[in-house]
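Report on the following structure.
The values are calculated or read from the model by the stated rules, or taken from the named source; none is laboratory data. Remember, it's a predicted structure, so these values are computed and weren't measured experimentally. Virtual Cβ from ideal backbone geometry, glycine too; neighbours counted across all protein chains shown. For the accessible areas, the whole protein counts, side chains as well, though only heavy atoms, and no ligand, DNA or RNA atoms are used. Shrake-Rupley method; radii C 1.70, N 1.55, O 1.52, S 1.80 Å.
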Amino acid sequence: MKQRPQHLAEELAKMPGIHITFVEPSISILNSIARHNSDYKKREYTVDDNLKIFRPSGSLRLPRSFEGLDIFHWNQWFEKRQLQDLVSSADIIWLGSPVFYPLIKHINNKKIVFDRMDDYVFLTNNALMKKLLKKWELELLENADLVISTSDPLHKHSQTFNKQSCVVKNAVDTAILNINVDSLVTSELRRLKHEGYHIFGYVGAIDHWFDIEMIKAITEFDERFIVCLVGRNNLAYHFEHHNRIRYFEPVPKSEIGAIIEAFDVCLYPFLRNSDRIDTINPVKIYEYLSLNKVILAVESEETRGLNQEGSIYIIAWRK
């Protein structure tokens, strides 16, 4: 994955005298066992003289949601120990999520920046994690030296806890959206278009905020309409069972531009069942717009601000 934190690390590392160590979240050994991989192991990688990547080992760690039951904080001990030298030598600690705050909050005399990218409590359905995130986010908001929020609603909320707050919305690096890349997905889309189908497409994670009924309604409206979904499916719904929905597993970032270019209409199909959707600054729409695509999007405070006549069709799907 290459998202806002990775882009910011790369850009900051270009500044004279700046040295960045990008710390990836550790993977607990139980998660690795469940997914049949070895991602729990420590990872170190040097990008260049100014940018290094480090992932602590998760071999002695349970999933983070259990930390609400860990009154002695044993689950954080091994990770803290691995990060000790990095944290003590840093001038600034930049956090992209409140989930990491317990690992560094015991360190004094360090400048802390909280890049508040999302409404983290809203994005998880895990009740234990919701409780932990609420606690850690409140502490981080109150103690950070600077809070950067990605949307206006998040910024307004941040300001109630921390006056040193600003808003920096998302963006897209058009240089990485190469449309001249072939893949299994683009080959399938070309075949469908040759057969006379119109392609409605979405690229991104599929989770509890995803509007399945909207997707089904598109395919049922016209037998020539096909919906193409590309990304990690965290729902129990099996899109493969629908004859006019094409689902593809996540693809390399290098293939995204060509896939979006092949769509006739791009989708931002989030459920309008909570005001929390207003907190999301939709980087997905920036990607679509950078390729001059027509977009069908749910109405929210942030999508209204992006509306350009003839480009985005905003709908209030369900209240």
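Can you pull out the residues in region 216-248 that are among the β-branched types (Val, Ile, Thr), closer than 19 Å to GLY196 by Cα and not in a helix (DSSP H, G or I)? Across region 216-248, the qualifying residues are ILE226, VAL227, ILE245. Under the condition of being in contact (Cβ under 8 Å) with a residue 24 or more places away in the chain, open to solvent by 90 Å² or more (accessible area, probe 1.4 Å) and more than 24 Å from ARG64 (Cβ to Cβ), the residues counted in region 1-48 number 2. All of (1) under 29 Å from ASN234 (Cβ atoms); (2) out of contact with any Phe, Trp or Tyr (no Cβ under 7 Å at 6 or more places or on another chain); (3) free of Cβ contacts under 8 Å to residues at least 24 places away in the same chain hold for GLN84 with one exception: (1). Mind checking whether some residue in region 145-164 is within 27 Å of LEU306 (Cβ to Cβ), touching a His at 6+ places or on another chain (Cβ under 6 Å), outside any loop (DSSP other than H, G, I, E, B) and open to solvent by 50 Å² or more (accessible area, probe 1.4 Å)? Scanning region 145-164 turns up no residue that is within 27 Å of LEU306 (Cβ to Cβ), touching a His at 6+ places or on another chain (Cβ under 6 Å), outside any loop (DSSP other than H, G, I, E, B) and open to solvent by 50 Å² or more (accessible area, probe 1.4 Å). The residues listed here are VAL203, VAL168, VAL185, VAL172; of these, the one that is open to solvent by 30 Å² or more (accessible area, probe 1.4 Å), in contact with a helix residue (DSSP H, G or I) (Cβ under 7 Å, 6 or more places away or on another chain) and not charged (D, E, K, R) is VAL172.
Return yes or no: is VAL99 over 24 Å from the mean Cα position of the chain (by Cα), open to solvent by less than 30 Å² (accessible area, probe 1.4 Å) and modelled with pLDDT under 95? Spelling it out, it is not the case that VAL99 is over 24 Å from the mean Cα position of the chain (by Cα), open to solvent by less than 30 Å² (accessible area, probe 1.4 Å) and modelled with pLDDT under 95.
Contact map, region 207-225: residues that are within 22 Å of TYR120 (Cα to Cα) and charged (D, E, K, R) paired with residues that are open to solvent by 40 Å² or more (accessible area, probe 1.4 Å) and not in a loop (DSSP other than H, G, I, E, B), Cβ distance under 8 Å, separation 6+ or inter-chain. Pairs shown: ASP207/LEU123.
Residue-wise test of (1) part of a loop (DSSP other than H, G, I, E, B); (2) not hydrophobic (A, V, I, L, M, F, W, C).
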| site | (1), (2) |
| --- | --- |
| ALA175 | no, no |
| ILE179 | yes, no |
| ASP182 | yes, yes |
| VAL185 | no, no |
| GLY196 | yes, yes |
| PHE200 | no, no |
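When ARG318, ARG272, ARG276 are screened for being touching a Phe, Trp or Tyr at 6+ places or on another chain (Cβ under 8 Å), at pLDDT below 90 and in a loop (DSSP other than H, G, I, E, B), only ARG272 passes.
For region 109-139, which positions are open to solvent by 30 Å² or more (accessible area, probe 1.4 Å) and closer than 22 Å to ILE20 by Cβ? Residues satisfying the conditions are ASN109, LYS110, LYS111, MET117, ASP118. Within region 27-56, the residues that satisfy the criterion of being in contact with a strand residue (DSSP E or B) (Cβ under 6 Å, 6 or more places away or on another chain) and of a type outside the set (A, V, I, L, M, F, W, C) are ARG43, GLU44, TYR45, THR46, LYS52, ARG55.
Can PRO56 be described as within 30 Å of ASP173 (Cβ to Cβ) and either touching a residue at least 60 places away in the same chain (Cβ under 8 Å) or touching a helix residue (DSSP H, G or I) at 6+ places or on another chain (Cβ under 8 Å) (or both)? Yes.
Among the residues making up region 262-276, those that are buried (at least 18 other Cβ atoms within 10 Å of the Cβ) and touching a helix residue (DSSP H, G or I) at 6+ places or on another chain (Cβ under 7 Å) are ALA262, CYS266, TYR268, PRO269, PHE270.
Among the residues of this structure, ILE107 does not count as one that is among the β-branched types (Val, Ile, Thr) and modelled with pLDDT of 90 or more.
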